[in-house]
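Chemist: Next up is a structure, given as structure tokens.
None of the figures in this text is laboratory data; all of them are computed from the coordinates on show. Small disclaimer: the values here were computed from a predicted structure and weren't measured. Here the Cβ is made from the backbone with ideal geometry for all residues, glycine too, and neighbour counts use every protein chain on show.
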Amino acid sequence: MSLSNFSKVPKDVLEVAQYLISSDSKMKNSSGVLNGRFVKYFKGKDATHALLSKTYKSSEKRPTIDSYEKAAEYMKKLIGNNLILRVHHSPNPKNDSSNQTQEYNDDFFYIWTNKGSQLKTLLLKFTLLLTVLLGIILKIWPKNSRKSAYSILNVLMWVMVGFFIMVIFRFILYLISRVACKRSIWLFPNLFADVGIAESFQPVLGYDDDDEEPEKNKTLSSQESFNSKEIPYIYTGESHMKILFFGRGAIGTQYAWAFEKAGHTVEFYVREGRKEQYGSHVNLEISDGRRTKYKIVKEQWPVEFCESIEPSKNYDLIFLSINPQQVKSAVEYLTPRVGNSTILFFNNFGKDPLKAMEPIPSDQIVIGFPGAGGGYENNTLYGNLFQQVQMGVINDTLSKREKEVKTLFETAGFKVTLQKDIQGWLLNHYVLNTAMEAEVLKYGSFEQVIKSDKGLADMIRNIKEMVPYSKLKKFK
């Protein structure tokens, strides 16, 4: 869009656009490559979430947005006024554009189509070019002018020396704080961020484990002669996956949140009537242990529910983390609907998972075990998300589907431990868990078992008594 066209954009639409572009919106931006240029893109859901936030409502100048429908309406206006452009999320930088129409959806990705005024950029380029030209002809300058130039260069040199000393001190401070305080402290955390000169030195101090990192990269893409009916592909270097979570369990929800933050599309299948009951969001209060320092997450997370699974949706992955007694009915429901999707069997299970999943082909199944726990209280999920997850290697080497699932977890910040005998590993874990839960049922809680000498002794006895079961219950 040319600069002259800004006059044709309604004032209320411009107000919305300016808010979303600003750091106040705290809208997540990711980096990608479009037509050979680095650009920032965002997800529709993040934009509507920002428009419904308290920060947006804090200014009376902005148009009133008090519902999701109103937020979605303004996103459509941004598209209609050519302020944003829908793009495809692709792992291949050479893909051609498709011919789908521009439209708004929470799961679609968008970029801004205009940077606004380029006057500052042009002046900066002109100044840089002029400086280079003057430097080339320095020897023919008058003597007094050369002395002044040398003095200025000396000052600039000492400024650069001071800058490098500050960078070294900054790194030393980081290392000392990391070791002594178990919390990384950065002097001028935005120093190398894609922000203005003044913003690079604001704030003075920052911490690696802040609940919210400031949005630093709000650069808009340059104007291109885009066809409004074409959706170009944006290259991110990673494969985007469409993931269906079977049920809204505590474990699955935490992994869904982590995967969506990593740029994937997630959706939950729930039983009929539950979509209305669960509403449009989940209140998260979880401890995120994917970093060295645990991060407490408190967030109202918008989610998508469906009450039927359509094979035409072509999910890349179906995430199955349910109670052992639910596996049979889940398999019966999934068998005619699974298509070519990979199924991640992510459960505590005391039987052969591959046999339990029949007649779904075994080459579509990946077996794993979570590193997470928690539970719901009303619509609030209290949980713990750990860095480590277990994943089985069914044959001698990782299959294509197993590699894809491993990459999915690793790019979302998890560490994957491969188990060549995943069935035996699951069996041992199941036996150990059964031995402990038997005493928890007697004493009321795991804490009471630990406090009781008899409880601990009985738990150890249970484990010993179940060892013969483990030896007999071998998988072929």
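Chemist: Would you mind counting up the charge near residue 390? Only other residues with Cβ under 12 Å from its Cβ, with Lys and Arg at +1 and Asp and Glu at -1. Walk me through the intermediate numbers first.
Modeler: Details: positive: 406, 415, 420; negative: 421.
Combined, the nearby Lys, Arg, Asp and Glu give +2.
Chemist: Then there is this: Multiplying the sequence separation of residue 261 and residue 172 by 0.36 nm and subtracting their Cα-Cα distance, what value in nm do you get? Could the numbers behind the result be given before it?
Modeler: Working: separation 89, 0.36 × 89 = 32.04 nm, distance 3.11 nm.
Full extension from residue 261 to residue 172 adds 28.9 nm.
Chemist: Same structure, new question: With each label point set 7 Å from Cα along the Cα-Cβ vector, what nm distance links residue 396 and residue 333?
Modeler: 4.0
Chemist: Checking the table 295/328; 61/275; 76/275; 261/351 against a 27 Å threshold on Cα-Cα, which pairs fail?
Modeler: Values: 295/328 37 Å; 61/275 36 Å; 76/275 25 Å; 261/351 33 Å.
Checking Cα-Cα distances, 295/328; 61/275; 261/351 exceed 27 Å.
Chemist: Could you check the spin-label model distance between residue 107 and residue 276? Points 7 Å from the Cα along Cα→Cβ, value in nm.
Modeler: Simple spin-label model gives 2.3 nm for this pair.
Chemist: Given N residues in the stretch 310-452, what is its alpha carbon radius of gyration divided by 2.2 N^0.38 Å? Write out the running numbers ahead of the final one.
Modeler: On the way: Rg = 16.6 Å, N = 143, 2.2 N^0.38 = 14.5 Å.
Compactness ratio reported: 1.14.
Chemist: Based on other C-beta atoms within 10 Å, arrange 333, 104 from fewest to most.
Modeler: Numbers: 333 14, 104 21.
Taking fewest neighbouring Cβ atoms as first place, the list is 333, 104.
Chemist: Right, here's the next one. Suppose each label sits 7 Å from its Cα in the direction of the beta carbon; what would the residue 60-residue 161 distance come out to in nanometres?
Modeler: It is 5.6 nm.
Chemist: May I pose another question? Among DSSP bridges having both ends in the stretch 242-420, what percentage is antiparallel? Round to the nearest 5. Don't skip to the end; give the middle numbers.
Modeler: Values: 16 of 46 bridges.
Taking every DSSP beta bridge within the stretch 242-420, about 35 percent pair in antiparallel fashion.
Chemist: Sort 241, 75 so that the residue with the fewest other Cβ atoms within 10 Å of its own Cβ comes first and the one with the most comes last.
Modeler: Numbers: 241 21, 75 24.
With the fewest neighbours first, 241, 75 line up as 241, 75.
Chemist: Given the Cα-Cα distance of residue 421 and residue 387 and 0.36 nm per residue of separation, how much length would full extension add, in nm?
Modeler: Values: separation 34, 0.36 × 34 = 12.24 nm, distance 2.11 nm.
Here the answer is 10.1 nm.
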